[in-house]
Structure formats: C-alpha cells, structure tokens
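The values are calculated or read from the model by the stated rules, or taken from the named source; none is laboratory data. Everything numeric in this text was worked out from a predicted model, so none of it was measured. Every residue, glycine as well, gets a Cβ built from its backbone with ideal geometry; the counts of neighbours run over all protein chains shown.
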C-alpha cells in the first residue's frame with residue numbers, strides 16, 4: 001500500500017519557492033501595470049519608504065504617477081512573434097498514422113487551433129515561466145469514434161512528481177468552471193488530476209482538491225481510469241514536459257525572462273520614488289515660527305471652505321505639528337508651527353524645501369537601467385541604423401542575439417514531436433517507425449525574415465545599399481560625361 005502525505009508543505013515542493021516567486025513576478029510583469037498596481041500586489045512591488053510616515057494619500061498619488069515599463073510584455077511578444085511568423089512555421093513530417101493523428105494535428109486542444117496554436121501557447125509559457133506540460137488525452141465523439149487531443153498544464157500547476165513501485169506518477173492542479181446555482185454564475189473550482197502507471201498500464205483520475213489537502217490519500221484505492229484507443233492501453237505516461245532548453249520534468253533550468261522582469265520592477269520603483277521626490281520639491285513646507293495655531297489638530301486646509309468663508313482662511317490653513325515630534329510633513333497641505341521660548345522673537349513664516357540633488361542622480365540611474373533593458377530588444381538588435389548597419393553586421397548581431405530564441409523554438413518542436421510519437425505508438429505503430437517517420441522541425445532562420453520589422457530588417461538594409469550603389473554609379477557616369 002502506498003499513502004501520499006497530503007500536507008500542503010509536502011505537495012508544493014516540486015520547485016523551490018524562489019522559482020515559484022520568479023514565475024509569478026514574470027507573469028505579473030507580462031500582464032502589465034494594471035496587475036502590478038492592483039490592490040493585492042501594489043504593496044509588494046512598491047513598498048512604502050516608511051510605514052509610519054508615508055500616508056495613504058501620498059502613496060496613492062505616486063503609485064498612480066509612476067510608469068511601469070512594458071519591457072517584459074514587448075520582449076515576450078517579439079520572441080513568440082518571431083517563432084510563429086508565417087516565414088518561420090515549422091515543417092511537419094508525418095509518414096505514419098496520418099489519419100489517426102489528423103485530429104491532433106489540425107484541431108489539437110480546446111482552442112481548436114491545431115499544432116500552430118499549440119506552439120504559440122508552448123512558446124509563451126517557455127518565455128514566461130520556463131516550462132509547459134503537454135498531456136495526450138482521448139476524447140469520444142458523438143459517433144463513438146475516439147480521437148486524440150491535448151491538455152496543457154502550466155508549470156505552477158505541477159503539484160508533485162514521485163515514483164511508486166518503479167513507475168512515475170504526476171499530480172497536476174486542474175481548474176474547471178462550474179455553475180454555482182446560488183451565485184447564478186460560473187466559478188473556478190480546483191481539482192487534482194493524477195497520472196500514473198501500474199502493471200496494467202497508464203491510468204488517470206481526478207479528485208477534489210480538498211480531498212487531497214485534508215486527507216491521507218491511498219493511491220491503491222482511488223478510482224483509476226485506463227484510457228483506451230481502439231482497445232489499446234498505453235504502456236507509458238503520455239506526458240511531455242517542455243522546458244526552455246530541455247525536455248523532462250526533472251530538467252527544469254530557469255525562468256528565462258526573470259532578469260528582465262526584475263529590471264522592470266527596479267525601474268518602476270525608482271520612477272515612483274522620483275515622482276514622490278519631485279512632488280515634495282515642487283510643494284515646499286510652510287513653517288510658522290512663533291505663531292499660534294488652532295487647538296484642534298485635525299483641521300486641514302480645505303480649498304472649497306476657504307472660498308466659501310474667507311474669514312476662516314487663516315485658521316483653516318493651519319495644521320498643528322508639535323515640536324516634540326521632531327518631524328515635518330514636507331510638501332503636503334500641512335503647516336508646521338514652531339514656538340520659541342523667547343517671547344520677544346517676532347513671528348515669521350518661512351518655507352522649508354527638500355534638496356533635489358539626489359533626484360538627478362536617480363534619474364541617471366533610471367536611464368542606465370533602461371539602456372541595459374534595450375539590449376534585450378529584438379527590434380534594436382535587428383535594426384539597420386547606426387554605424388554598423390551593414391547587412392553582414394546585422395546578420396552577425398542577430399545570429400548571436402537570437403541563439404536563445406532558436407534553442408527555445410527547437411525544444412518546443414521537439415516536445416510536439418514527442419507527443420505525436422506517443423500518439424502514434426498508442427495507435428499501434430512501433431517505436432522505431434514513430435521515431436523515423438514523425439518529426440516537427442523548427443525553422444529558426446529569423447534574421448532573414450523580411451516581414452518581421454519591415455523598416456529595420458536586414459533585407460531592407462541590402463535594398464538601401466543597392467540603391468546607394470546605383471546612385472553612386474549614376475553620379476560617376478555624369479561626372480565622366
């Protein structure tokens with residue numbers, strides 16, 4: 001008997017929490033400013049300088065004013081766009097089980113976009129979190145015919161991977177939409193799907209998440225379903241785990257765009273602090289020396305009240321700050337009242353301003369970080385502007401810069417190849433024939449793309465060089481004449 005300990009701290013240890021945090025950060029950065037500044041994430045990405053002194057109003061102001069750079073969104077969109085352009089579509093070799101695999105190739109998953117749509121999803125997940133899980137499923141049509149389809153699981157969906165009786169087992173979280181009669185709307189419900197092997201073959205089952213997390217689960221007693229294809233039960237797990245540079249669930253490498261996401265957050269924090277500092281320097285603090293104010297410290301300046309009742313302007317313009325606090329609310333709508341012990345000291349009103357020398361330094365730092373981020377820009381990489389704008393120079397820069405993109409693309413195609421081969425084997429094709437006759441091959445010749453960025457493409461550079469050469473030849477002819 002095998003019993004799985006279903007305590008949460010056990011089942012969530014497939015990847016270290018640091019990697020999970022990186023994945024969440026990249027997803028948030030890809031979603032953009034709306035998510036970064038949302039109520040449940042704002043404090044994480046833009047923590048207060050001082051919990052004690054930074055009031056809610058000011059934080060809300062510079063939170064709204066700070067711009068979040070779209071580094072990650074643009075970079076991933078460019079990556080995925082290059083890998084899935086019309087000119088870079090992979091080639092498919094499918095010389096066995098063509099009819100059996102037709103549905104899988106042309107329709108694929110629930111998105112019904114076939115292998116093309118599946119590849120976009122794989123590439124996006126590779127760039128976002130470095131991993132995507134493909135599961136080969138079977139579906140029964142209304143005419144009782146069986147077809148192959150694909151289920152996808154994100155890296156964060158992986159709950160646990162373990163071995164039992166010499167067989168691999170994988171548990172993934174599956175989110176389903178279910179209608180709630182009380183709320184009269186659909187809601188997301190979490191289930192755990194178990195994939196396993198035993199002496200019979202491949203089996204799978206779905207259990208409620210609460211059953212997993214609140215009990216000790218005996219795998220020998222769960223209801224196992226052995227999917228069949230024309231009476232055949234598969235002798236292996238129909239699962240392909242695609243990473244950025246390898247295949248396999250135990251081969252996770254890294255979150256490839258985390259460095260860029262972290263850079264975007266650092267720029268965002270500094271932009272916010274810069275906006276915060278600029279607002280303070282633009283709104284100096286009024287200080288009344290040897291001036292008495294109202295006894296009620298809760299009275300603040302109210303512009304509408306001042307217009308309606310000018311006689312109360314002076315009293316309503318004060319906010320009593322005790323000298324014993326040794327604090328000043330700089331750049332706000334408050335006034336500090338400082339009383340001396342010498343009664344002969346005349347009353348005086350002054351301004352206290354924040355030194356802004358540090359703001360310029362912060363601005364320089366932001367520009368340096370943005371310049372570093374520009375090195376990730378594929379459009380700049382393939383640009384034909386500048387002194388080294390020849391076609392050969394662009395090609396050399398491009399080939400070096402897109403090496404990682406090519407590797408990611410090849411691995412995604414290798415994963416789809418593996419899935420198609422598993423499906424062919426399930427139909428009865430031998431493993432040798434499946435390997436020899438099925439392949440999805442990546443077309444990673446991105447540098448020569450003519451329609452990716454028309455104005456900056458290397459091909460455009462060649463055209464311009466030819467035009468310049470023609471002009472030079474005509475000029476020489478005119479000179480000779």
request  = Evaluate segment 3-19: report whether one residue or more is assigned to a helix (DSSP H, G or I) and at pLDDT 90 or above.
outcome  = yes
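Residue by residue, here is whether (1) within 21 Å of the chain's Cα centre (by Cα); (2) over 30 Å from residue 348 (Cβ atoms); (3) free of Cβ contacts under 8 Å to residues at least 60 places away in the same chain holds:
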residue: 240; (1), (2), (3): no, yes, no
residue: 244; (1), (2), (3): yes, yes, no
residue: 264; (1), (2), (3): yes, yes, no
residue: 286; (1), (2), (3): no, no, no
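Within segment 81-120, count every residue that is within 20 Å of residue 261 (Cβ to Cβ) and crowded, with 19+ Cβ neighbours inside 10 Å.
Here is the first cut: in segment 81-120, the ones within 20 Å of residue 261 (Cβ to Cβ) are 81-83.
Okay, now just the ones that are also crowded, with 19+ Cβ neighbours inside 10 Å, so 82-83.
The total comes to 2.
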task = Examine segment 241-263 for a residue that is in a helix (DSSP H, G or I) and surrounded by fewer than 19 Cβ atoms within 10 Å (Cβ to Cβ), and state whether such a residue exists.
result = yes
inquiry  = Taking the conditions exactly as written (surrounded by fewer than 21 Cβ atoms within 10 Å (Cβ to Cβ), under 29 Å from residue 36 (Cβ atoms) and in contact (Cβ under 8 Å) with a residue 60 or more places away in the chain), does residue 78 satisfy them or not?
reply    = yes
ask   = residue 62 versus (1) modelled with pLDDT under 80; (2) crowded, with 16+ Cβ neighbours inside 10 Å; (3) closer than 29 Å to residue 124 by Cα: which is the lone unmet condition?
value = (3)
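Only one residue in 94, 128, 101 is closer than 22 Å to residue 444 by Cα, touching a helix residue (DSSP H, G or I) at 6+ places or on another chain (Cβ under 6 Å) and touching a residue at least 40 places away in the same chain (Cβ under 8 Å). Which one? Reasoning before the result, please.
Values: 94 fails: touching a helix residue (DSSP H, G or I) at 6+ places or on another chain (Cβ under 6 Å); 101 fails: closer than 22 Å to residue 444 by Cα.
Exactly one of 94, 128, 101 is closer than 22 Å to residue 444 by Cα, touching a helix residue (DSSP H, G or I) at 6+ places or on another chain (Cβ under 6 Å) and touching a residue at least 40 places away in the same chain (Cβ under 8 Å), namely 128.
Rundown of residues vs (1) under 21 Å from the mean Cα position of the chain (by Cα); (2) within 30 Å of residue 271 (Cβ to Cβ); (3) in a helix (DSSP H, G or I), yes/no style:
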residue: 67; (1), (2), (3): yes, yes, no
residue: 80; (1), (2), (3): yes, yes, yes
residue: 100; (1), (2), (3): no, no, yes
residue: 104; (1), (2), (3): no, no, yes
residue: 127; (1), (2), (3): yes, yes, yes
residue: 133; (1), (2), (3): yes, no, no
residue: 139; (1), (2), (3): no, no, no
residue: 152; (1), (2), (3): yes, no, no
residue: 161; (1), (2), (3): no, no, no
Selection count where residues are within 28 Å of the chain's Cα centre (by Cα), assigned to a strand (DSSP E or B) and either over 20 Å from residue 241 (Cα atoms) or outside the structural domain of residue 166 (by TED's automatic domain parsing) (or both), scope segment 192-218 = 0
query = Within segment 181-223, which residues are without any contact (Cβ under 8 Å) to a residue 12 or more places away in the chain and exposed (fewer than 11 other Cβ atoms within 10 Å of the Cβ)?
reply = 181, 182, 183, 184, 185, 199, 221
note = Picking from 249, 225, 289, the residue that is over 20 Å from residue 155 (Cα atoms) and at pLDDT 90 or above would be 225
